[in-house]
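See structure below.
The values are calculated or read from the model by the stated rules, or taken from the named source; none is laboratory data. What you are looking at is a predicted structure, and each value in this text was computed from that prediction instead of being measured. Neighbour counts run over all protein chains shown; Cβ positions are idealised from the backbone, glycine included.
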Amino acid sequence: MLYLSQVLGRPILDLEGERVATLKDVIVRLGEGDHPPVAGFVARYRRRDFFLPRWRISHFGENGVRLNADILDLRPFVRRDGEVLLARDVLDKQLIDVDGKRVVRVNDVQIIEAANEWHVTGADVSLAGLWRRLAPAKLRSHRPVEVIDWADVGYLATDAATVQLKSSRGKLARLHPVEIARLAEAFSYQQGAEIVESLDDETAAEMLEEMPAERQAQILGDMDEERAADILEHMSPDEAADVLGDLPEEKAEDLLLRMEDEEQADVAELLPYADDTAGGLMTNEFVTLPLDLSVSESLARLRKMAETPNMIYYLYVVAAEDSWKLVGVIALRSLILAEPSAPLRHVMRTDFQVAHPDDRAGDVAQKIAEYNLLALPVVDEAGDILGIVTVDDAIEILLPKDWRQRLPRLFG
Amino acid sequence: MSDRPTNVRGTGRRLLRRGAQGVRRTVARRPRLFFYLAILGPGVITANAGNDAGGIATFASVGADHGYKLLWILVPLTLSLGIVQEMCARMGAVTGKGLADLIRERFGVRWTALVMLALLIANGGVTVSEFVGIAAAMELFGVARYISVPIAAIAIWWLVVKGSYKRIERVFLVMSLVFLGYIVSAFLAHPGWGTVAREVVHPHFDLTPAYLFTIVAIVGTTISPYMQVFIQSSVVEKGVRVETYPFTRADVWIGTLFSNATVFFIVVCTAATLYVHGDHVDTASEAARALRPLAGPYAEILFAIGLFGASMLAAGVLPLATAYSISEALGFEKGVSSSFREAPIFLGIFTFLVALGASIAMIPELPFIRVLLVTQVINGLLLPVILIAILRLVNNPDLMGKHVNGPVYNVAAWLTTIIVSALSLLFIIISIKPGLFQR
């Protein structure tokens with residue numbers, strides 16, 4: 001087993017054991033299995049960097065590298081697609097440890113030989129790894145190291161644009177979108193955007209919803225428009241409307257028009273409302289049932305729905321099939337417990353709380369907390385239901401900012 | 001209709017048109033954000049955080065001991081501070097990363113260790129000065145430092161670790177605004193404005209240890225290492241990016257000008273009230289006397305309030321910021337909400353700095369102004385390490401692309417670094433061999 005720090009700067013020897021150059025970097029190719037193989041070396045000779053392919057090497061160890069021929073190709077080194085330089089792109093950089101669900105910094109890289117191939121097996125993130133690079137060899141401690149298995153590396157925060165880990169996609173998806181969002185806070189905004197782009201549309205949408213509003217807008221605003229529109233389609237309409245509201249006008253219109261018709265209409269419907277009103281808080285994903293159904297018919301309809309909204313604990317009873325006129329509310333619980341043959345009008349509650357779209361957001365949140373509701377319907381002057389404000393949006397308003405962001409990056 | 005029996009509300013041309021209108025209306029509400037950025041952005045806050053206990057002590061004694069003679073240094077110093085702060089703000093906006101982060105990623109472990117050590121020592125010194133400030137302020141109220149300092153230290157530790165410091169911070173901030181009273185006091189003291197104007201444009205230099213000591217202290221308190229780390233982090237945290245950066249640049253320069261204008265009036269005020277009588281500033285109550293033209297008999301109380309607020313503010317922020325930087329650079333677990341077991345080094349550094357500051361401030365018979373000056377000198381001596389790192393980073397095209405320093409700017413920035421380094425070196429040499437430059 002080798003550590004990168006032990007081989008960097010070591011001599012490269014020819015067949016006679018003469019030093020011909022210095023080892024500057026180790027090249028690995030990502031995407032080939034969990035433990036990427038060493039593909040070659042960057043050697044430095046008289047202030048010039050050149051490439052040494054793996055098959056030119058007969059020995060690689062703490063004493064340096066030994067060549068298997070006397071011929072050296074001195075063409076300057078150029079990085080190829082998918083190649084990562086361990087010293088330049090990995091050492092000292094941050095990465096996401098999917099297993100430990102945290103962001104760590106690479107203090108050293110572990111390389112292990114197996115079947116005459118060298119593989120990167122892990123990233124040393126311990127203090128011992130740091131000390132190995134700081135202290136002279138004599139003072140080295142033999143304390144246990146803490147190594148992250150390379151197979152658990154979900155995202156590597158490096159500037160090398162060509163190496164973005166397509167292989168990381170699956171690994172990051174092992175985390176909950178909320179966790180990904182929290183971890184992404186440790187990175188720069190460019191890297192945060194990179195993480196979002198590496199995820200599938202649905203995970204990306206969920207992760208974005210967990211990020212601060214301005215950050216969502218920044219990331220989507222910089223992204224390829226088609227991709228951004230795809231992600232917006234997967235976000236809940238109220239969140240998507242908030243993001244679009246934070247973007248410059250032309251950009252927002254462009255993204256909106258690129259969205260699929262159905263999602264586009266849902267979002268467009270929510271856009272006119274100001275942020276700090278009930279209309280701005282509400283989502284238009286909710287379930288309505290016409291008044292003339294029975295309990296069993298209602299349950300059957302729910303089961304048949306292709307896509308149920310997140311919020312189905314309350315079902316909103318409207319006057320007729322094509323109407324939006326809100327006449328009653330039924331909790332899913334009452335529906336399940338009720339006699340199957342009973343008509344909805346006997347089971348529903350008619351003394352429910354409502355909000356007007358222009359009500360202040362704070363008042364709406366207060367009402368939800370006061371009446372212990374999971375959602376509050378928003379109803380216009382005509383008595384038509386426009387949307388619902390769910391309890392999670394209310395919590396965001398009621399809790400002070402510090403509580404929601406328990407991990408501030410600097411001061412306080 | 002029948003295949004969508006249950007309605008998920010949606011669709012319709014009419015609604016779409018309404019939506020497009022909405023986009024326009026929402027966008028129209030936005031500029032408020034930029035307005036806020038320009039008025040109370042990271043630049044203004046950071047530059048004025050420089051006027052803490054150490055800063056007040058330094059400039060009060062500059063005015064009292066040297067009169068208007070050192071006013072000239074404020075001109076190049078304002079330029080230098082602006083340039084240095086601007087570089088860090090720009091790095092934050094372009095890279096989206098903190099200074100400690102960049103140093104680690106670009107320079108490797110050894111440089112990082114060096115810079116972090118410098119930062120730890122410098123910030124440790126400043127933290128000491130803040131606790132000394134707390135002690136001095138409370139003594140003006142008649143509370144012994146053996147009571148006030150431990151209580152303050154425990155309170156700060158508790159508030160920060162429990163995460164409620166942020167809310168109290170504003171109170172301290174408002175208290176520290178009392179120092180703006182120096183501006184009024186300067187006018188009321190009727191200084192000779194002609195002399196003041198002449199001294200501002202008339203540089204002169206002495207090669208005595210005392211003079212160099214004062215200059216290094218002035219530089220150290222104005223361009224403190226922590227301010228660079230601080231401004232870059234706040235820019236990153238605010239999410240400032242290249243497109244909105246011009247607002248931040250304006251903010252940095254406004255902040256620099258404003259804070260150094262305050263400094264200018266502190267010097268003028270103390271010169272006009274104390275220097276003319278041949279008084280020196282050795283204690284807090286002497287420094288407070290410069291506020292007499294404004295507050296008369298209440299000068300001490302006013303001064304104590306300001307000093308207490310400014311010191312409490314920085315005594316919480318500095319240890320915390322230091323712990324963040326070091327943890328960030330060396331990759332330790334960080335965050336105040338973590339427990340000691342999760343983030344032992346982070347909380348350890350924070351606790352150590354608070355404890356260190358508090359215990360030194362409790363040493364009996366501690367010469368107030370002298371200690372504050374010495375901590376600023378340490379800042380000044382360590383500044384070159386940070387400045388060189390900043391300059392190498394900001395000129396790295398891999399990192400900054402086309403946002404590297406321009407040639408004129410670079411000359412000014414390097415000149416600042418070279419002069420600061422030369423001053424520090426000169427000061428060290430002269431302190432070791434005092435007679436070197438005297439015939």
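Screening A:Gly129 with (1) outside any strand (DSSP E or B); (2) more than 14 Å from every other protein chain (Cβ to nearest Cβ) gives one miss only, at (2).
Yes/no per residue for (1) crowded, with 18+ Cβ neighbours inside 10 Å; (2) in contact (Cβ under 8 Å) with a residue 40 or more places away in the chain; (3) β-branched (Val, Ile, Thr):
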residue	(1), (2), (3)
A:Leu23	yes, yes, no
A:Arg48	no, no, no
A:Ser58	no, no, no
A:Glu62	no, yes, no
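Of the helices (runs of 4 or more DSSP H) lying entirely inside region B:220-300, those carrying at least 1 residues that are touching a residue at least 12 places away in the same chain (Cβ under 8 Å), surrounded by 24 or more Cβ atoms within 10 Å (Cβ to Cβ) and touching a helix residue (DSSP H, G or I) at 6+ places or on another chain (Cβ under 7 Å) are B:225-238, B:245-273, B:284-288. Listed by position, the helices (runs of 4 or more DSSP H) inside region A:159-214 whose residues that are modelled with pLDDT of 85 or more, away from chain B (no Cβ under 14 Å) and surrounded by fewer than 20 Cβ atoms within 10 Å (Cβ to Cβ) number at least 1 are A:177-184, A:189-198, A:201-209. In region A:97-111, the residue that is nearest to the other protein chains (Cβ to nearest Cβ) out of those that are under 26 Å from A:His176 (Cβ atoms) and part of a strand (DSSP E or B) is A:Arg105.
The residues of region B:225-251 that are at the interface with chain A (Cβ under 9 Å from one of its Cβ atoms) and over 20 Å from the mean Cα position of the chain (by Cα), listed by number, are B:Gly239, B:Arg241.
Matching residues to (1) within 14 Å of chain B (Cβ to nearest Cβ); (2) buried (at least 23 other Cβ atoms within 10 Å of the Cβ); (3) assigned to a loop (DSSP other than H, G, I, E, B); (4) β-branched (Val, Ile, Thr):
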site	(1), (2), (3), (4)
A:Leu95	yes, yes, no, no
A:Glu113	no, no, no, no
A:His119	no, no, no, no
A:Pro144	no, no, yes, no
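Scanning region B:156-199 for residues that are more than 25 Å from B:Ile305 (Cβ to Cβ) and either β-branched (Val, Ile, Thr) or in contact with a Cys (Cβ under 6 Å, 6 or more places away or on another chain) (or both) returns B:Val161, B:Thr195, B:Val196. Kindly check whether there is at least one residue in region B:169-188 that is at pLDDT below 90 and within 10 Å of chain A (Cβ to nearest Cβ). Yes, region B:169-188 contains a residue that is at pLDDT below 90 and within 10 Å of chain A (Cβ to nearest Cβ). Hey, can you tell me all the residues within region B:170-194 that are of a type outside the set (A, V, I, L, M, F, W, C) and crowded, with 17+ Cβ neighbours inside 10 Å? Correct list: B:Ser176, B:Gly181, B:Tyr182, B:Ser185, B:Pro191. Across region A:23-61, the qualifying residues are those that are among the acidic types (Asp, Glu) and under 17 Å from A:Asp89 (Cβ atoms), and the one among them that is nearest to the chain's Cα centre (by Cα) is A:Glu32.
When you check B:Leu399 against the structure, is it more than 21 Å from the chain's Cα centre (by Cα) and surrounded by 19 or more Cβ atoms within 10 Å (Cβ to Cβ), yes or no?
Working: more than 21 Å from the chain's Cα centre (by Cα): yes; surrounded by 19 or more Cβ atoms within 10 Å (Cβ to Cβ): yes.
The answer is yes for B:Leu399.
The set of residues from region A:61-75 being under 13 Å from A:Ala43 (Cα atoms) and outside any loop (DSSP other than H, G, I, E, B) comprises A:Gly64, A:Val65, A:Arg66, A:Leu67. If only residues of region A:249-262 that are touching a residue at least 24 places away in the same chain (Cβ under 8 Å) and charged (D, E, K, R) are counted, the one that is farthest from the other protein chains (Cβ to nearest Cβ) is A:Arg258.
State whether one or more residues within region B:54-64 are modelled with pLDDT of 75 or more, surrounded by fewer than 24 Cβ atoms within 10 Å (Cβ to Cβ), farther than 20 Å from A:Thr283 by Cα and not hydroxyl-bearing (Ser, Thr, Tyr). Give the steps one after another, and end with the answer.
Of region B:54-64, the ones modelled with pLDDT of 75 or more are B:54-64.
This time we only want the ones that are surrounded by fewer than 24 Cβ atoms within 10 Å (Cβ to Cβ), so: none.
Taking every residue of region B:54-64 in turn, none turns out to be modelled with pLDDT of 75 or more, surrounded by fewer than 24 Cβ atoms within 10 Å (Cβ to Cβ), farther than 20 Å from A:Thr283 by Cα and not hydroxyl-bearing (Ser, Thr, Tyr).
Residue count for region A:243-269 under the criterion of being under 25 Å from the mean Cα position of the chain (by Cα) and closer than 23 Å to A:Glu396 by Cβ: the result is 9.
Filter region A:237-262 down to the residues that are part of a loop (DSSP other than H, G, I, E, B) and surrounded by fewer than 22 Cβ atoms within 10 Å (Cβ to Cβ) and list them by number. Spell out how you get there, then give the answer.
First, the residues of region A:237-262 that are part of a loop (DSSP other than H, G, I, E, B): A:247-248, A:259-260.
Matches in region A:237-262: A:Pro248, A:Met259, A:Glu260.
Among the residues of region A:302-318, count how many are at pLDDT 90 or above and over 20 Å from A:Lys367 (Cα atoms). Break it down into steps so the answer makes sense when it comes.
Of the residues in region A:302-318, the ones at pLDDT 90 or above are A:314-318.
Those still in the list that are over 20 Å from A:Lys367 (Cα atoms) too: A:317-318.
Count: 2.
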